[in-house]
Amino acid sequence: MEVTGCTRLAGLIAKPAKHSISPLMHNAAFKANNIDAVYLAFEIEKEQLAAMMKSITALNMIGVNVSMPYKRAVLPYLDELSEAATLTGAVNTILPQKDGRLVGHNTDGSGFMRSLVDSKIDIIGEEITVIGTGGAATAICVQAALDGVKKINVFNRQGKFFNQKLQKINEIEKKTQCKLSLTDLADVKAVNKALRNSKLLVNATDVGMKPNEAQTPIQDFSALHNDLAVYDVIYNPRKTKLIQIANEKGLKTVNGLGMLLYQGAYAFELWTGKKMPLEIVRPLVANS
């Protein structure tokens, strides 16, 4: 990739950021589309966030991705939010406007829903179960609700933020046509009842991620049934213990690589107006 005097900058704001495969994805997409731009990862401290946000406009950046721990922290610096970002309360993509305004989007949920299409899993009008209430879980719930999922059963460990999370679940329900509930994950009977009625189980936590591959978000697998698909947002390892167990029962399973790919593809399209060349980027993601 040749850098010129006209080369524009895109990037990722996160900590840590050095592990990210976003530069690999977006630089390949820029090259394939003959876009004179380069994507870099910026690992910054929280004290540097205000200066970083000002630099987006000052440097005429083409776009910015945001990852942990800054998805909520950037909100005060933004001029406008998309519907999904507003409901999620978090941003993973920033689109600079010609007039200097910064618009926040959340493409995580859209990436999740698009990856289901690839896997031929249709949850529109159906009931699903989601484990977790963090950023990924909330984005998934928001987009699923906006897209027409009938009911979402959310489970999480009952900690000090449980009531706060319940308020967010109630807000999503009020703003959409979807029925949502939040229940303590320790209530195994409630979990199993939800699973028996669900078309999809989503693990939106980091339980099962390296180096804790032996862990699973649920302990009782008796309610897993043939019409249930299992989705794990984790992609390292590619097959978590949860996915292995579901495979042994003959269930359709999906890992988090598709969500990762498509959230990036939606961000790329917002910035450039062009499609990310998935035939080029998908193998890079799969082999990363």
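Mind counting the residues in the stretch 89-145 that are β-branched (Val, Ile, Thr) and either touching a His at 6+ places or on another chain (Cβ under 7 Å) or within 21 Å of Lys15 (Cβ to Cβ) (or both)? Number of matching residues: 5. In the condition set (1) under 16 Å from Met276 (Cβ atoms); (2) within 19 Å of the chain's Cα centre (by Cα); (3) part of a loop (DSSP other than H, G, I, E, B), Asn34 is compliant with all but (2). The condition (being of a type in the set (A, V, I, L, M, F, W, C), surrounded by fewer than 20 Cβ atoms within 10 Å (Cβ to Cβ) and in contact with a Leu (Cβ under 7 Å, 6 or more places away or on another chain)) is satisfied by just one residue among Leu257, Leu270, Leu228: Leu270.
Among residues of the stretch 192-217 that are part of a strand (DSSP E or B), those with a Cβ under 8 angstrom from a residue that is among the acidic types (Asp, Glu), sequence gap 6+ or separate chain, pair up as Leu200/Glu126; Val202/Asp232; Asn203/Asp232.
Out of Val103, Val117, Val142, one residue alone is in a helix (DSSP H, G or I), surrounded by fewer than 22 Cβ atoms within 10 Å (Cβ to Cβ) and among the aliphatic types (A, V, I, L, M). It is Val117. Cβ-Cβ distances below 7 Å connect the following pairs, each with a first residue in the stretch 15-41 that is farther than 17 Å from Val64 by Cβ, a second residue that is basic (Lys, Arg) and not in a loop (DSSP other than H, G, I, E, B), and a separation of six or more residues or different chains: Asp36/Arg8.
Values quoted throughout were computed directly from the atomic coordinates according to the rules given, and no laboratory measurement underlies them. Worth saying up front: this structure is predicted, and the values here are computed from it rather than measured. Methodologically, a virtual Cβ is constructed for each residue, glycine included, from the backbone with ideal geometry; neighbour enumeration extends over all protein chains shown.
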